[in-house]
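The values are calculated or read from the model by the stated rules, or taken from the named source; none is laboratory data. Not measured: the values here are computed from a predicted model. Positions of Cβ are generated from backbone atoms using ideal geometry, with glycine treated the same way; all protein chains shown enter the neighbour counts. Protein only, heavy atoms only, side chains kept; ligands, DNA and RNA dropped before computing areas. Shrake-Rupley method; radii C 1.70, N 1.55, O 1.52, S 1.80 Å.
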Amino acid sequence: MKGLLKNLGLILILIGAIILLVCSFTGNVNNNSILGISLVIMIVGMVGYIAINKRIAD
């Protein structure tokens, strides 16, 4: 469980990046709501990764 929790931030960053890739390949780069959602997911993932790894020590 600690391993999954430790990698939760990275998983969120990857989900945000995958959303951006899908938007790029489909040509849907003018939809600001999708781009904004992926940005928020990536920022939450970065902040979560830092916060979780500060609190969880091996």
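Checked against (1) open to solvent by 50 Å² or more (accessible area, probe 1.4 Å); (2) in a helix (DSSP H, G or I), Asn30 passes all but condition (2). When Leu5, Leu21 are checked against the criterion of being assigned to a helix (DSSP H, G or I) and surrounded by 13 or more Cβ atoms within 10 Å (Cβ to Cβ), Leu5 stands alone in meeting it.
In this entry, Gly36 is excluded by the filter for residues that are at pLDDT 90 or above, in contact with a helix residue (DSSP H, G or I) (Cβ under 7 Å, 6 or more places away or on another chain) and either small (Gly, Ala, Ser) or open to solvent by 50 Å² or more (accessible area, probe 1.4 Å) (or both).
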